[in-house]
1. Of 514/561; 359/525; 398/487; 11/383; 3/424, which pairs sit farther than 30 Å apart, going by alpha carbon to alpha carbon?
2. Quick one: angle between helix 198-211 and the longest Cα principal axis of the chain, in degrees between 0 and 90, rounded to 10, please.
3. Once you have the Kirkwood Rh of the chain from its Cα pairs, apply Stokes-Einstein at 4 °C and 1.567 mPa s and quote D in µm²/s.
4. Cross-link candidates for residue 27: which aspartates and glutamates have Cα within less than 18 Å, leaving aside residues fewer than 8 places away along the same chain?
5. Expressed as a whole number of Å, what is the distance separating the alpha-carbon centroids of the range 543-572 and the range 256-300?
6. For the range 352-363, what does the Karplus curve 6.51 cos²θ - 1.76 cosθ + 1.60, with θ = phi - 60°, yield as ³J(HN,Hα) per residue in whole Hz, taken in order and with x for Gly and Pro?
7. Calculate the tail of P(r) for the range 206-356: the fraction of all Cα-Cα distances greater than 23 Å, expressed in %.
8. Taking the 0 to 90 degree range and rounding to the nearest ten, how far is the long axis of helix 245-268 tilted relative to the main principal axis of the chain, both from C-alpha atoms?
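Every number here is computed from the coordinates shown, using simple stated rules; none is lab data. As the structure is a computational prediction, the values presented were derived from the model and not from experiment. FYI the Cβ positions are ideal-geometry reconstructions off the backbone, even for glycines, and counts take in every protein chain you see.
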Amino acid sequence: MEKIIDLIEKKIAEAFEKSGYDKSFAKVNLSDRPDLSEFQCNGAMTLAKQEKKAPYIIAEEIVKNVDMSMFEKVEVIKPGFININISKLFLSNYCNQMQNENKFGFEANKSNEIVIDYGGPNVAKPLHVGHLRSAVIGESIKRIHRFAGDKVIGDIHLGDWGLQMGLIIEELKSRNPNLPYFNENYNGEYPKEAPFSIQELAEIYPTASGKTKVKEDASEEEKLKAEEFKEKARIATEILQKGNKGYHELWKKIMEVSLQDLKNNYARLNVDFDLWLGESDSQKYIPEMIKKMEADNLIYESDGAMVVDVAEETDNIKINPCMILKTGGASCYQTTDLATLLQRQRDYNPDEVIYVVDKRQEMHFIQVFRCAKKAKLVSDKTKLKFIGFGTINGKDGKPFKTRTGGVMQLSALIDEVTKKVYDKLVENRQMSETELKEISEAVGLAALKYADLSNQTAKDYIFDMEKFTSFEGNTGPYILYTIVRIKSILNKYLENYSSIEKCEILEPETDTEKKLMLLISEFNKTVEQSYEENAPYKICSYIYELSNIFNVFYGQTKILKAEETKLKSYISLINLVKQILEICIELLGFSAPNKM
Ligand code: ARG
């Protein structure tokens, strides 16, 4: 369906033309002063300078020429604004049409092939709060693009090829040097069972990583020891990357065990990936990638490393050359990202590759994108997009930590939020324990995801458990609460009627009812904007407003006591609100329970 604001603008543009003015000035916006009008056009103000005429006079001329069929009021306000209210009948008809349209009038006419790279956890390290945003935002962006018709492939892009693997291997070796994986001459079968459990693995990495760090006041000997261990891990990583059989088998075990854990965690977040590829999968593309770079004379040696220049004349900051191989030929973060692009090009020839990654990695992506384009690893048409997100901070403004100051693991965070919601629900609700648990999990997830998504992606935000789990205000639980409220009205209705039909939505009778319909009519525009800008927060703001106005309407209207035709109109209207809210939260990546 055409957006309501565009329909209005067209009508106003006709009046501009009829009055002898250029219709490009007929821009219509939502009113800045909703108390005075619903929409406004400031075109006469802009025209005044060029026409050397008072804006008021221009506006008056235009207003006289407006075809009023879809308006309730079009009037001039000094010094020359045109205030517009839409006709009630036009609006209710628009809502009626929405009821019957696929996707409620949102035109899903996109058809891009998109790869979205999100999640990006590092294998064998527990997921922590820093991994939340990529997963949550990426999932939502993926859903929004799919809703619009794009073909989207979500790839988790595991960090499975870096130094952490060498650290774990080295740590295991020091604990258990007799494992066959470390025996160069071993020719037998490797054991089926991994030599560690997930709990052990969760301890092995931090221990190993701890060994590479020293306190400021450490002795020379301690410093040396840390350096030595780090060097060993670096070498182990290199040996692994060069394809050593035993190391590779051990690596496979690390992958097996930690992937299972990752899968459970992401499932709990309602985040799911089409591809579980990682940095390691890009290895086989490296030789070909280097060849391409050599053929075009792009790659050269610098201090032992191999690099490609990516600076451009128009840069106003210094962009260093992109490192392709480290001294000794080991691959680095840029290597795997570039080779992965070549892989994605081969497999999908995408129109766009979107990365949802911590904004502090922006420079890395500037280098990688430029290098990929220069070396023609992707086609000319392929857009490479970096969506950088801000940090989740604690109330002290520093990155969010546990109460004892450690890194907050993601599963612990989800547990805490769920528990908080549980405590609220248990206070005054009659539910079975199973139900309580299920609902707490759903509401907790909504709290967590909504809090994250309602903040603009690039901004940092403060993690405030109390606020996020509140059933009032701009929160996930509040949105769910509104949906549940509508569900319960519909259920009451069903006590007397056999089904919820799509009946005619009658003209609004009150200002609130009209406002509710106006907001409903903005659904297509909202989704389109959040698509264009990859901005889930726009959907959040929209459903918050829609919920607010619905709740006011609910407070003012005896819905179930209305006479039959009006009752059916109300039921259709609130059912439409419910369905729109449900679609929106689906796009955000969570869902509503039946009661709460
Ligand atoms: N594993 C990386 C990290 O923890 C994030 C990966 C982001 N995606 C990418 N293609 N580089 O920092």
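1. 398/487; 11/383; 3/424
2. With both axes taken from Cα atoms, the answer is about 70 degrees.
3. D, rounded to a whole number, is 47 µm²/s.
4. Those aspartates and glutamates meeting the cut-off are 2, 6, 9, 14, 17, 38, 51, 60, 61, 67, 75, 522.
5. 50 Å
6. In residue order, the calculated couplings are 8, 10, 10, 10, 10, 9, 3, 5, 5, 9, 4, 4 Hz.
7. That tail contains 57 percent of the Cα-Cα pairs.
8. The answer is roughly 20 degrees.
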